[in-house]
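Please treat every number below as a calculation from the coordinates, not as lab data. Fair warning: this is a prediction, and the values are worked out from it, not measured in the lab. Every residue, glycine as well, gets a Cβ built from its backbone with ideal geometry; the counts of neighbours run over all protein chains shown.
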Amino acid sequence: EAAVTQSPRNKVTVTGGNVTLSCRQTNSHNYMYWYRQDTGHGLRLIHYSYGAGNLQIGDVPDGYKATRTTQEDFFLLLELASPSQTSLYFCASSGGGGAETLYFGSGTRLTVL
Amino acid sequence: KTQVEQSPQSLVVRQGENCVLQCNYSVTPDNHLRWFKQDTGKGLVSLTVLVDQKDKTSNGRYSATLDKDAKHSTLHITATLLDDTATYICVVGDRGSALGRLHFGAGTQLIVIP
């Protein structure tokens, strides 16, 4: 079974704080994604990557940076967190684009006070 | 503008009953459509993917249809169980490659009661 592990599970920070969300997949997948999920909205794509060292901008990238250090590890960075970034964040991986199966992590709930 | 609309927003059924969830979309092009199950506070789990112009899939008690002409999909759950309580999310992919985007619906919250 494909595995995507996110950490931390929950995080509370203050406005202006520095936060790093981590994601590791052990599926040997090339593609990794960061999404945010807010009540009443569908998931929205923040950043994604095709492989180690590659980074692509998603649909809602403002205020976020990302880095893909290895094929397994994808990080989401909030360098000056704001309350509008309070959300549930999901990481996902897939072997390819298109209709390839997408595997999600369990999510990180971030609260910015 | 929301390009994937799901209905109903929420649904309560009794264990053992069947239910149907709807997904209408305006995404163009529409390469494929996926249904996911999301338990509260958990990640999304893939149920099925539909690709053809008029497609049908079956996965245990879950079955789905897609009509690309109507830009409409349904997810049928038969003989519901308490464990089916979850949010079901419809997702439309606009390309058959990594260049494509996935367009997510806001989900239908299904509650199964004894």
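Taking the Cα centre of each part, how many Å lie between segment A:50-113 and segment B:39-63? Value for the Cα centre distance between the two parts: 23 Å. Relative contact order, whole percent, for chain B stands at 36, derived from Cα pairs under 8 Å and 6 or more residues apart. Each Cα pair under 8 Å and six or more residues apart adds its sequence gap; the mean of these over the residue count of chain A is a relative contact order of 36 percent. Annotation: Cα Rg of the protein assembly as shown relative to the compact-globule expectation 2.2 N^0.38 Å equals 1.01. Note on segment B:47-102: Cα-Cα pairs beyond 18 Å make up 40% of the total pair count.
Between A:Thr26 and B:Glu17, the FRET efficiency from the beta-carbon distance, with R0 = 41 Å, is close to 0.60. Principal axis extents of the Cα atoms in chain B, from largest to smallest and rounded to whole angstrom, are 43, 27, 21.
Multiplying the residue separation of B:Arg101 and B:Val45 by 0.36 nm and removing their Cα-Cα distance gives an extension gain of 18.3 nm. Taken over segment A:69-113, the convex hull of the Cα atoms encloses 99 Å³ per residue. With the convex hull of its Cα atoms as the shape, chain A has an orientation-averaged projected area of 6.5 nm². Placing R0 at 45 angstrom, the Cβ-Cβ distance between A:Ile57 and B:Thr78 gives a FRET efficiency of 0.60 after rounding to 0.05.
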